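Student: One structure is given below, represented as structure tokens, and several questions about it will come after.
The values are calculated or read from the model by the stated rules, or taken from the named source; none is laboratory data. In this text the structure is predicted, and so the values were computed from the model without any measurement. Methodologically, a virtual Cβ is constructed for each residue, glycine included, from the backbone with ideal geometry; neighbour enumeration extends over all protein chains shown. For accessibility, only protein heavy atoms count, side chains too; no ligands or nucleic acids. Shrake-Rupley method; radii C 1.70, N 1.55, O 1.52, S 1.80 Å.
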Amino acid sequence: MAKKGIEVRELVKRYSTKIRKGFLRSETKVIEALRGISFDVHHGEVVGLLGPNGAGKTTTIKILATLLLPDSGDAFIEGYSVVKEPHKVRECIGVMLTVEKGFYPMLTGKENLEYFGRLYGLKGNYLKKRVEEILDLVGLKELGAADRIYEEYSLGMRARLSLARALLPNPPILLLDEPTLGLDPPSARRIRELVKNLVRKDGKAVLYTTHNMFEAEIICDRILLIDKGVIIASGTPAELKKLVRGFRAIVLKLREEVIANKLIKILNTSGYEKISKIKEGELVNVKILVEDPERELTTILKLATSHGLEIDYIAIQEPSLEDVFIELTGAKE
Amino acid sequence: MKPSFIDLVVAEFKNFFIEFLRRKSLIIALVMYPYLLTALIMFIGTMFGSLEYFKQKIPADPLLFFLASSLTLLISLVIIDDIGARFIWEERMGTLPYLMLIPTSTAKLILASPIPRLALTSCWVIAVLAPTAIVIKGVGAGLAVVLTCLIATLGALCFVGLALIIGGLLILSRGEWSIYWVIRPLILFISGIFYPTALMPIWLRILSMTLPLSYAIEASRMLIAFENPEMRLILINVTLMTALAILYTPLGLKTYAYLEVRTKKLGGLRI
């Protein structure tokens, strides 16, 4: 087994937040963002931290990046403690936090990278060469964007530049917080391909947070499902899918959300529990996990038609990572 | 790889000059600022008392007195703004977390950041105000402007420690940046930039004595505005200012480091 790049041990983080109770009154509430999570990331693998908003993904990344201190527990990057040796940790990591900002608007992509490169102690010809190399790697040269000012960058270009900065000092560890959030499919695919290549070729250890199941399934070697600050399941995508073994999904596509909600209500009262709803463009997908879809389908269709509900499309699918997630977290939408 | 302080200064120089040359408004502001500021200080100064009253109390030319104030203010603002307010701009641009991710202390970077603007402003102030002083008072006054400028630059550098504390408090305040716009004019007022501290109430004079900026302003005024400036008094002011800097700089660095850790504990850093 490859060397451990990231070791997380019993991390706990609580935040105090003020709940407004009127114009001047407020109440302090403690939120447990992380409740003793532990995991490892080895060199040469992409580990996905997958969970809904507020699950604790960004808090984990912030602690590993030394931007936040845990209340208890510790994490080690290349053996250095994030609590006791933050400067050493920062020498080993490349971090991507948000894609829409984080650079100087009046500087070009290349100038921004040169500035951050200098802050990492890179200088002279090496810095120039490295910046050119990285711009080429992330495809900004190819797009003719290297010498354009950052203010004019599209979101896809910004994401590439953000990844370029993370890679600039050639760190062995990458911490990527939702790097494809809001990107168009080609830009998102490019980022994923780059990350995958870096792991295969350079043996980097990558922690990749996302709430996109499809993305997690295609890029991650291992996935940690996190919810309410706790890791609820972990394993390869195939291993996780086994958690809902025996089940298959009936997918019904409907035109309106009101119809979908009505159908879910009917199915619930008829004893179906594992139901989720996802919007897909104009249509709404209702997914029902059942053991024998061929038999259940007839019953479900009868229920729908008896209530006058029109279904546009029907399919039977193998369970996806999303189904695992819904099954484990109880999330319905 | 750990960057040295020189690496950080070089990075800041390049970043500053690229942005400066690319933003026309910054160039215009630099050209206009000395004149506008002198006018503003004269305006505010005369609100506290008439020029006649000023002449009775202070043995100096009011115009040169306010010119010295604006010169010192221009240079001091670089430190107050580039250190204190830098956190505000960086947070808005989303660059603050990335600056905190560099493999050295953020305080070191923050200390390097005002150097380019300080150098440019000092040179520009000399270029603009020295000819004005020469026209009004002759060559001696021009030389006094140059010396004043050096004292003001030293005064600005002596303010680093306090600026770091202000910066640390700003990041701890979780985006309560408006505090800065209260602290900034208060410091300027207490340090006597708008009107002589000698004419202030005693408690304000005591407060003023704790600010290195006050001594820089006092020394600058003596040099530029008084008929026969006493070198001994100027040196005393410079010494006191330096002594305060020796006390405040390590204190500022320690306090900033503490406030940064505190912010990271409370989760106050906005990303």
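Student: Say each of A:LEU328 and A:HIS307 gets a label point 7 Å from the Cα, pointing the same way as Cα to Cβ; how far apart are those two points in nm?
Tutor: About 3.1 nm, to one decimal.
Student: Given only helices, namely DSSP H runs of n ≥ 4 each adding -39500 (n - 2.57), what is the per-residue ellipticity at 222 nm of chain B, to the nearest 500 deg cm²/dmol?
Tutor: Result for chain B: -26000 deg cm²/dmol, rounded to the nearest 500.
Student: Calculated from DSSP H runs of 4 or more alone, at -39500 (n - 2.57) each and per residue, what is the 222 nm mean residue ellipticity of chain A, nearest 500?
Tutor: Calculated mean residue ellipticity at 222 nm is -11000 deg cm²/dmol.
Student: Where the only charges are on Cβ atoms (+1 Lys, Arg; -1 Asp, Glu), what is the dipole of the protein assembly as shown about its Cα centre, to the nearest 20 debye?
Tutor: Computed charge dipole of the protein assembly as shown: roughly 880 debye.
Student: Over region A:222-333, calculate the relative contact order: mean separation of alpha carbon pairs under 8 Å at least 6 apart, over the residue count, as a percent.
Tutor: 35 percent.
Student: How much of the accessible area of region A:117-196, probe 1.4 Å, is carbon plus sulfur, in whole percent?
Tutor: 50
Student: Based on DSSP loop calls and a cut-off of at most 11 other Cβ atoms within 10 Å, the longest stretch of chain B free of exposed GluC sites (Glu not before Pro) is what?
Tutor: Answer from the scan: B:1-175.
Student: How big is the Cα convex hull of region B:83-157 in projection, averaged over all directions, in nm²?
Tutor: The orientation-averaged projected area of the Cα hull of region B:83-157 comes to 5.9 nm².
Student: Between B:MET209 and B:ARG184, what is the FRET efficiency for a Förster distance of 25 Å, r being their Cβ-Cβ separation, to the nearest 0.05?
Tutor: Efficiency computed from Cβ-Cβ geometry: 0.80.
Student: When we measure straight from the Cα of B:LYS55, which lysines land under 30 angstrom away, once same-chain ones fewer than 8 places off are left out?
Tutor: Partners found: B:LYS137.
Student: Suppose every Lys and Arg Cβ carries +1 and every Asp and Glu Cβ carries -1, with no other charges. What dipole size does chain B come out with about its Cα centre, to the nearest 20 debye?
Tutor: Using only the charged Cβ atoms, the result is roughly 580 debye.
Student: What is the mean number of Cβ atoms from other protein chains located within 10 Å of the Cβ atom of each residue in peptide A:56-63, rounded to a whole number?
Tutor: Whole-number average of other-chain Cβ neighbours for A:56-63 is 1.
Student: Heavy atoms of the protein only, probe of 1.4 Å, neighbouring chains included. What is the accessible area of B:SER214 in Å², nearest 10?
Tutor: Counting only protein heavy atoms, the figure is 10 Å².
Student: Another question about this same structure. Given a 1.4 Å probe and the protein chains all in place, what does the accessible area of A:THR298 round to, in Å² to the nearest 10?
Tutor: A:THR298 exposes around 80 Å² with every protein chain in place.
Student: Then there is this: How far apart, in nanometres, would the label points at B:LEU251 and A:PHE23 be if each is projected 7 angstrom from Cα along the Cα-to-Cβ direction?
Tutor: If labels sit at B:LEU251 and A:PHE23, their model points lie 4.1 nm apart.
Student: Report for the protein assembly as shown the percent antiparallel among DSSP-assigned beta bridges with both residues inside it, nearest 5.
Tutor: 70
Student: Over the whole of B:90-100, what's the average partner chain Cβ count within 10 Å per residue? Rounded to a whole number, please.
Tutor: The mean count of partner-chain Cβ atoms within 10 Å per residue comes to 5.
Student: Using a Förster distance of 30 Å, how high is the FRET efficiency between A:ILE314 and A:ASP202, based on the Cβ-Cβ distance and rounded to 0.05?
Tutor: 0.05
Student: For the protein assembly as shown, count all C-alpha to C-alpha pairs, find those more than 34 Å apart, and express that count as a whole percent of the total.
Tutor: For the protein assembly as shown, the fraction of Cα-Cα distances above 34 Å is 54 percent.
Student: While we're here: Given a 1.4 Å probe and no ligands, DNA or RNA in the count, how much accessible surface is buried by A and B, both sides, to the nearest 100 Å²?
Tutor: For chain A against chain B, roughly 3500 Å² becomes buried.
Student: Right, here's the next one. So how much accessible area does A:HIS307 have, in Å² to the nearest 10, using a 1.4 Å probe?
Tutor: For A:HIS307, the solvent-accessible surface is approximately 90 Å².
Student: Something else about it: Using a 1.4 angstrom probe, figure out how much accessible area region B:166-271 has per residue, in square angstrom, rounded to the nearest whole.
Tutor: Each residue of region B:166-271 exposes 49 Å² on average to a 1.4 Å probe.
Student: Turning to a different aspect of this structure: For Cα pairs less than 8 Å apart in space and 6+ apart in sequence, what is the mean separation divided by the residue count of chain B, i.e. the relative contact order in percent?
Tutor: 26
Student: Heavy atoms only, 1.4 Å probe, whole protein assembly: order B:MET47, B:MET32 by accessible area, highest first.
Tutor: Per-residue accessible area, sorted high to low, gives B:MET47, B:MET32.
Student: Straight distance only, please: which aspartates and glutamates reach the Cα of A:LYS4 with their own Cα at less than 12 Å, same-chain residues fewer than 8 apart left out?
Tutor: Straight-distance partners of A:LYS4: A:ASP40, A:GLU45, A:GLU78.
Student: Which whole number of Å³ per residue matches the convex hull of the alpha-carbon atoms in chain A?
Tutor: Normalising the Cα hull of chain A by residue number yields 180 Å³.
Student: Picking from A:ILE326, A:VAL95, B:ALA257, whose Cα lies most toward the positive end of the charge dipole for the protein assembly as shown (charges on Cβ: Lys, Arg +1; Asp, Glu -1)?
Tutor: In the protein assembly as shown, that residue is B:ALA257.
Student: From Cα pairs below 8 angstrom and at least 6 apart in sequence, can you work out the relative contact order of region B:142-271, rounded to a whole percent?
Tutor: After rounding, I find 43 percent.
Student: Would you mind checking the pairs A:LYS123/A:LYS196; A:LYS110/B:LYS24; A:LYS62/A:LYS84; A:LYS88/A:LYS123 and listing those with alpha carbons more than 23 angstrom apart?
Tutor: A:LYS123/A:LYS196, as the Cα separations exceed 23 Å there.
Student: Separate question: Taking each residue of A:162-174 in turn, how many C-beta atoms of other protein chains fall within 10 Å of its C-beta, and what is the average?
Tutor: Mean number of neighbouring Cβ atoms from other chains: 1.
Student: Figure the gain on full extension for A:THR236 and A:ASN170 (residue separation times 0.36 nm, minus the Cα-Cα span) and round it to one decimal in nm.
Tutor: 21.1 nm
Student: Can I ask one more? For the residue pair A:GLU142 and B:LYS2, what label-to-label distance in nm results when each label sits 7 Å from Cα along the Cα-to-beta-carbon direction?
Tutor: 3.9
Student: Which of the listed residues, B:LEU143, B:PHE66, B:LEU40, is farthest toward the dipole's positive end in chain B, when Lys, Arg count +1 and Asp, Glu count -1 at the beta-carbon?
Tutor: Working it through, the farthest residue towards the positive pole turns out to be B:LEU40.
Student: Take the solvent-accessible surface of the protein heavy atoms, probe 1.4 Å, and return the percent of it on region B:168-271 that carbon and sulfur atoms account for.
Tutor: Carbon and sulfur atoms account for 71 percent of the accessible area of region B:168-271.
Student: OK, next. Taking the Cα centre of region A:1-96 as origin, work out the dipole magnitude from +1 charges on Lys and Arg Cβ and -1 charges on Asp and Glu Cβ, in debye rounded to 20.
Tutor: 620
Student: Rounded to the nearest 0.05, what FRET efficiency do B:MET32 and B:ARG270 give with R0 = 25 Å and r taken as the Cβ-Cβ distance? Could you check?
Tutor: So, using R0 = 25 Å, E works out to roughly 0.15.
Student: Sequence-distant or interchain residues sharing an amide H contact under 5 Å with A:ILE223, placed H: which?
Tutor: Hits under the 5 Å cutoff: A:GLY48, A:GLY235, A:THR236.
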